[in-house]
Amino acid sequence: MPGVVIVGAQWGDEGKGKITDLLAERATTIVRYQGGNNAGHTIVRDGETFAFHLIPSGILHSDKTCVIGNGVVVDPRVLLSEIDGLKRAGVSVANLRISANAHLIMPYHVLLDQAGETKLGKNSIGTTRRGIGPAYADKALRLGIRVQDLLDEKILRTKIRAALEPKQQALRELSVQRRKLRKEAGEETKGATPDPLDGVVDPRPDLHAMVEEHISYGHRLEPHIADTAKLCWDALDGGETVIFEGAQATLLDLDHGTYPFVTSSNPIAGAATVGAGIGPTDISEVWGIAKAYSTRVGAGPFPTELHEEIGEQIIEQGHEYGTTTGRKRRAGWMDLVGLRYAVRLNRMDALAITKLDVLSGIGPLRVAVRYRSKEGAVLEEFPYHQSILHSASAEYEELPGFDVDLGDCRAPEDLPTEARDYLGFIADYVGVPIKLVGVGPARDQVVWLD
Ligand code: GDP
Ligand code: IMO
Ligand code: MG
């Protein structure tokens, strides 16, 4: 029985949270396999809006087990505040399990992410500044702190000391620079808000406070810490359906995305094996989630980006403001070159196209069917060379638009012909069936095509 992967097919925010919540009905277990609280997954249920950053999007089903897999980087403060928020909203988190092997985002990772972005200036990646890159870097350097370390004060202290040591120089420089800036701004007066870095430059007092703080997180998280790979095996071997929920998306993948304008993990479907601890043949179905148009938040190439009024119209109609950082997203036409690349890379079996309703009144609609390099070469495939991609322009097919509200459509025949043709064109081009279409943010605002 199936292991089902749900993966973003574009640059994130495709509506993975909503689709996961929906498909979770058929599963017993929902597993996040990568990323951290850079993600923002919004679910609208019975008129109530939930935004999750770390907690798997299946959590609103009280009878499902929700897992934060070993491939996720966990900021324990964010996780605990999400747990508290859910409890306040009356949602049970009793079935939440966190891999003992997942790595932690520590306060210095957040600072280093911010410092790195500031240093890059106009060349910055536009990260979410949540410490994702530095946490994964420490994991690769074998300087990471893991969830299980929260349960052993001695190990925790030794590991934090070791992790902080090579960062002292960078943090000290950052602190001096920050202090100078504050002084220039006239803030170096008594009673001014303390700089969060002031405590970090000296590892001794800071180490003590950091260990204390994290031990207390460990006490609170302990009931949820588990061998989550085994939990997945037991479910799969018992014939249950397990959903592996990706965060971010294919074109933000560290290896296959638009490097360096990517995240620091592998969102693609294949990475579910590593991030959850299962085998490739445990995955029997891959669902790609794409918006009916494209958006991107942060810097990096975006061949179908719209700079004119239509882009603004899509942003406003689609409420394209980030769930995590509140940043306005960049918007553009559907990019079938990128989508076909994502389909193959993830070996998708099915697509869900979300936010079709947003395109109402936008028509005529354009979809990119090829790129052209600045030298004039036709590019049918997503180019691997960064300079070619950065300067490529998209070439479009124009399709008739529609001007009716799709919010109440529930069956294929409720959709206007133009909308069905638009979906048909996408499915034909990428060679994968569209099984589900989103026509609004609410849970029931979907049309099943299959
Ligand atoms: P995720 O990161 O992929 O889970 O997506 P986000 O939650 O960041 O962004 C998707 C946004 O679109 C959320 O605000 C959803 O509530 C909303 N949404 C999802 N599906 C649809 C849809 O079919 N139509 C409309 N109008 N909104 C949708
Ligand atoms: P969900 O799961 C959209 C983008 C950031 C930045 C780049 C690197 O909600 O789809 P990072 O903080 O990961 O080092 O930033 O990746 N990014 C996302 N964009 N949706 C997301 O998540 C994203 N997570 C990271 O904007 O460009
Ligand atoms: Mg999001």
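Quick notes on this one:
- Derived scalar couplings ³J(HN,Hα) [segment 403-410; Karplus, 6.51 cos²θ - 1.76 cosθ + 1.60; whole Hz; x for Gly, Pro]: 10, 10, 6, 8, x, 9, 5, 10
- Selection from 236, 247, 314, by position along the positive dipole direction of the chain (Cβ): 247
- Simple Cβ-charge dipole of segment 227-313, Lys/Arg +1 and Asp/Glu -1, about Cα centre, in debye nearest 20: 140
- Two-site label geometry, residue 385 and residue 63: point separation in nm, points 7 Å out along Cα→Cβ: 5.6
- Around the amide H of residue 365, modelled in the peptide plane, lie the amide H atoms of 399, 401, all under 5 Å away and 5 or more residues distant in sequence or on another chain.
- Options 358, 105, 348, ranked by Cα towards positive dipole end of the chain, top entry (Cβ charges): 105
- Ellipticity at 222 nm from helices only: DSSP H runs of n ≥ 4 in the chain, each -39500 (n - 2.57), divided by the residue count, give -10000 deg cm²/dmol.
- For segment 89-136 and segment 212-256, distance of Cα centres in Å: 16
- Pair residue 179, residue 77: separation of 7 Å Cα→Cβ label points (nm): 2.2
- Segment 1-133, dipole about Cα centre (Lys/Arg Cβ +1, Asp/Glu Cβ -1), debye to the nearest 20: 220
- Cβ-Cβ FRET estimate between residue 284 and residue 158, R0 fixed at 51 Å, reported to 0.05: 0.75
- Extension gain, residue 328 to residue 405, is 25.3 nm, computed as 0.36 nm per intervening residue step minus the present C-alpha separation.
- Put simply, the amide H of residue 73, placed in the peptide plane, has neighbours under 5 Å in 35, 36, leaving out anything fewer than 5 places away on its chain.
- Electrostatic dipole magnitude of the chain [Cβ: Lys, Arg +1; Asp, Glu -1; Cα centre; debye, to 20]: 1740
- Distance violations [Cα-Cα > 24 Å] among 64/87; 64/291; 230/291; 18/122; 355/435: 64/291; 230/291; 18/122
- C-alpha center-to-center spacing [segment 263-323, segment 19-59] in angstrom: 15
- Separation in nanometres of the label points that stand 7 Å from Cα toward Cβ, at residue 397 and residue 308: 2.2
- In sequence order, segment 332-343 has phi-based couplings of x, 6, 4, 10, 6, 5, x, 5, 5, 4, 5, 4 Hz under the Karplus curve 6.51 cos²θ - 1.76 cosθ + 1.60, θ = phi - 60°, and Gly or Pro positions carry x.
Read-outs throughout are calculated quantities, based only on the coordinates presented, and are distinct from any laboratory measurement. Just so it is clear, the model here is predicted, and its values are computed rather than measured. Positions of Cβ are backbone-derived with ideal geometry, glycine not excepted, and every protein chain shown enters the neighbour counts.
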